[in-house]
Amino acid sequence: MSKVITFITMSLDGYIAGPNDTPDQALGENGESLHDWILRGAHSSRHNAFFKLSRKNREVFDELFDGTGALICGKRMYDIVHGWGGSYPVRGIPMFVLTHAPPR
């Protein structure tokens, strides 16, 4: 049997980005403050150099993705990160996009 793991940074009020998120500002206004732990470290993830983590966070992060068989995300997030052009930030792991609409 497979395991399902939920992994995301979220504010206490349930948001994963700041207000006014767009493709040019994917995390919204001041949204990067939620994700400082993954964007402000000194060590790059082996899954993508975009992720800059502390040594311990990198160890945990990379181990999690080493054992990941697939990812699921919503269409809006996928659109914002330009995923349709193949730029989704976790390379080598299949991505399933939950949507009722085709890509823009």
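Regarding segment 33-52, can at least one residue be identified that is among the acidic types (Asp, Glu) and closer than 20 Å to MET95 by Cα? Explain how you work it out, then say what you get.
Taking segment 33-52 and keeping what is among the acidic types (Asp, Glu), we get 36.
Okay, now just the ones that are also closer than 20 Å to MET95 by Cα, so none.
Looking through segment 33-52, none of the residues is among the acidic types (Asp, Glu) and closer than 20 Å to MET95 by Cα.
Mind listing whichever residues of segment 54-102 are without any contact (Cβ under 8 Å) to a residue 24 or more places away in the chain, assigned to a loop (DSSP other than H, G, I, E, B), closer than 23 Å to GLN25 by Cβ and not hydroxyl-bearing (Ser, Thr, Tyr)?
GLY86
Six or more apart or on different chains, Cβ atoms under 8 Å: show the pairs whose first residue is in segment 19-44 and surrounded by 14 or more Cβ atoms within 10 Å (Cβ to Cβ) and whose second is acidic (Asp, Glu) and assigned to a loop (DSSP other than H, G, I, E, B).
Filtered contacts from segment 19-44: LEU27/ASP21; GLY28/ASP21; GLY31/ASP21.
Do we find that VAL60 is surrounded by fewer than 16 Cβ atoms within 10 Å (Cβ to Cβ), modelled with pLDDT of 85 or more and of a type in the set (Val, Ile, Thr) in this structure?
Numbers: surrounded by fewer than 16 Cβ atoms within 10 Å (Cβ to Cβ): yes; modelled with pLDDT of 85 or more: yes; of a type in the set (Val, Ile, Thr): yes.
Yes: the conditions hold for VAL60.
Return the residues of segment 38-48 that are at pLDDT 85 or above and not hydroxyl-bearing (Ser, Thr, Tyr); say none if nothing qualifies. First the steps, then the outcome.
Filtering segment 38-48 for residues at pLDDT 85 or above gives 40-48.
Matches in segment 38-48: ARG40, GLY41, ALA42, HIS43, ARG46, HIS47, ASN48.
The values are calculated or read from the model by the stated rules, or taken from the named source; none is laboratory data. Note that this is a predicted model, so its numbers are computed, not measured. Note: ideal-geometry Cβ built from the backbone for every residue, glycine included; neighbour counts use all protein chains shown.
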